[in-house]
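Report on the following structure.
Values quoted throughout were computed directly from the atomic coordinates according to the rules given, and no laboratory measurement underlies them. Being a predicted model, the structure only gives us computed values, none of them experimental. Note that each Cβ is placed from the backbone with ideal geometry, even for glycine, and that neighbours are counted across all protein chains shown.
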Amino acid sequence: MAYSNKVIDHYENPRNVGSLPKDNPNVGTGLVGAPECGDVMKLQVQVNPETGVIDDAKFKTFGCGSAIASSSLATEWLKGKTVDQALAIKNTDIVTELSLPPVKIHCSVLAEDAIKAAINDYKKKQSVTAKTVAAQEKAQPTV
Amino acid sequence: MAIKLPIYMDYHATTPVDPRVVEAMLPYFTEHFGNAASRNHPFGWEAEEAVDKARKQIADLIGANPKEIVFTSGATESNNLAIKGVAEMYREKGNHIITAVTEHKAVIDTCKSLEKDGYRVTYLQVRKDGLIDLAELRAAITDKTILISIMTANNEIGVVQPIAEIGAVAKDKGILFHTDAVQAAGKIPFNVNELKVDLVSITAHKMYGPKGIGALYVRRRNPRVLLAPQIDGGGHERGMRSGTLNVPGIVGFGKAAELCRLEMAQDTERLNALVARLNKRLHDGLDEIYINGSTEHRLPHNLNISFAYVEGESLLMGINDVAVSSGSACTSASLEPSYVLKALGAGDDLAHSSIRFGLGRWSTQEEVDYVSDKLIRVVTKLREMSPLYELAKEGVDLSTMQWEVH
């Protein structure tokens, strides 16, 4: 497989490898793919609750070079974006940036899925937190 | 000594031609260029003599009679000729063929093509160690079975099937037995009479000979095997395979076979030690790595290992100055993981994580050390970025997790 220099660079120097505390209410985690398909991506975003901006993103990927590069690139792009801007990232943007060959397009699709899964997880946590807060406030005895 | 890069560890795919083989071949391109079928002049006689000598060298490697060697373009053709040739010739007797799921595509796809013509094929499953179950083989035999085709050694995992036992079953039932011995011939002792095989496919380029020349051993006695030719023409090779003989290729094949026969014992000893060293260093440096296939019944120069939680193609990218193969889907044209590894039932994820090492005549200890050191570094790095490794270390059982299969 002849890869573009950008894919090779992300493979050799992956950005933002690691994990964020997944129980933190400001962290959204997406885990997509399946081991038997040969690729699994874990992508995490940490959102600043004040500004709604993603201030950190981390990934771990089991997969081929372009799967690693797609998720590495995704974390780079996510930082500094708002949640809504993050959801606007399309797999085709990743394909173009990394010059992925046609057989590797599914890697970019997986990265897009991972972003969406992470954001959805964050939103779900936020609504649960909001509900809990609301419920707690409601339950507070009036003095 | 500075190590020469890239390192070749893919001797199952093909082998370099031994310089002694090249030397033997050269005069047959220019000086002795005759057509071995030209019976009326010295150019033809010289060529025929060279072919006869090579036929004997090849026959000697497998304990056959030179008259039982039919030259082909390679083992794919040999497999086609053996299976289709028997199927067509013995159609009156029956229409059932038995083979195994881990055979080379040249056997499987030939059988699939026969199924379209009304033949019935049983594809035996293999056990976890990659070997077929003899009881299953016996159970699969019917009164319509005309051929059993089971490879000697597997091209991916290097396991060696119980050929003598299969041969005994076939002989007992009066069924012809073909074996694709491409990976085994020249590497491990192989004798057509001891193993009771009737048809054997071999090729030169896996034993330090040239590409484009192979052979099919066709038993002439007890029983005399008849084949319907698949290529018609001038009636070469006793009518079984027409076409002008590739004299330089045949000369090279003969020389390669002779060298393999004479040097097999020392090559095996050296390769056993190198493979054991590679295996030990990898096991010392890494946890959760698994050898695919039987460790007992195995070619001396093969090692097939799955590096859990790491995907094969990304692993190959990290060792791009080493030529090896992977069973990962991403490295195959079909985008499917290796069907051989899948057949072992260890799970597709281990197929995606596998590397096949094939060592050979020019592999060195320095190369083994370089490759194992580099692999340990790359696997460690990739595991640090593997979500599967992280989950496993947290104690999550990956096999019980719900994955979204795409």
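The angle between the Cα long axis of helix B:75-89 and the main principal axis of chain B comes to about 60°, on a 0 to 90 degree scale. Full extension of the chain segment joining B:E288 with B:K393 gains 36.7 nm, where the gain is 0.36 nm per residue of separation less the Cα-Cα distance. Among B:H178, A:H106, a tally of other beta-carbon atoms within 10 Å of each Cβ gives an order, fewest to most, of A:H106, B:H178. For chain B, find the longest principal axis of its Cα atoms and tell me its angle to the long axis of helix B:163-173, 0 to 90°, nearest 10. That works out to roughly 50 degrees.
Compactness ratio for the protein assembly as shown: Cα radius of gyration over 2.2 N^0.38 Å (N = residue count) comes to 1.19. No disulfide-compatible partner, judged by a Cβ distance under 4.7 Å, exists for the following cysteines of chain A: A:C37, A:C107.
Taking every alpha-carbon pair under 8 Å whose residues sit at least 6 apart, chain B reaches a relative contact order of 21 percent. Here the spin labels are modelled as points 7 Å beyond Cα on the Cα-Cβ line, and at A:D23 and B:T400 they lie 2.0 nm apart. Rounded to whole Å, give me the distance from the Cα center of the range A:85-116 to that of the range B:192-269. Cα centroid to Cα centroid, the span is 51 Å. Among the residues of A:65-74, the average count of other protein chain beta-carbon atoms within 10 Å of the residue beta-carbon is 3. Annotation: peptides B:207-218, A:26-37, B:88-99, B:284-295, ranked by per-residue average of other Cβ atoms within 10 Å with the highest first, follow the order B:207-218, A:26-37, B:88-99, B:284-295.
Can you tell me the FRET efficiency between B:E194 and B:E336 if r is taken as the Cβ-Cβ distance and R0 is 41 Å, rounded to the nearest 0.05? That pair, B:E194 with B:E336, gives E of 0.65.
The Cα atoms of chain B cover 77, 57, 35 Å along the three principal axes, with the biggest extent listed first. A crude spin-label estimate for the pair B:K280 and B:L226, with each label 7 Å from Cα along the Cβ direction, gives 5.7 nm.
Extending 7 Å from the Cα toward the beta-carbon at both A:D55 and B:E384 defines two label points whose distance is 2.6 nm.
Reducing the range A:26-67 and the range B:357-386 to their Cα centroids gives an inter-centroid distance of 30 Å.
Assuming charge only on the beta carbon of Lys and Arg (+1) and of Asp and Glu (-1), the dipole of the range B:226-283 about its Cα centre is about 340 debye to the nearest 20.
Quantify how strongly other chains surround peptide B:308-316 by giving the mean number of their Cβ atoms within 10 Å of each of its Cβ atoms.
5
How high is the FRET efficiency from B:D52 to B:T14, r the C-beta distance, R0 35 Å, rounded to 0.05?
Computed FRET efficiency for B:D52 and B:T14 comes out at 0.85.
Here the protein assembly as shown carries DSSP beta bridges of which approximately 70% are antiparallel, counting only pairs with both residues inside. Ordering of B:310-323, B:68-81, B:161-174 by packing is B:68-81, B:310-323, B:161-174, highest average first (other Cβ atoms within 10 Å, averaged per residue).
Let me know the mean shielding of A:38-48 by other chains, meaning the per-residue number of their Cβ atoms within 10 Å of its Cβ.
Averaged over the peptide's residues, the number is 4.
Between the helical axis of A:65-78 and the longest alpha-carbon principal axis of chain A there is an angle of about 40 degrees.
What is the list of residues in the range A:82-100 whose amide nitrogen lies under 20 Å from a point 7 angstrom out from the Cα of A:A2, following Cα to Cβ? Only A:95-100 pass the distance filter.
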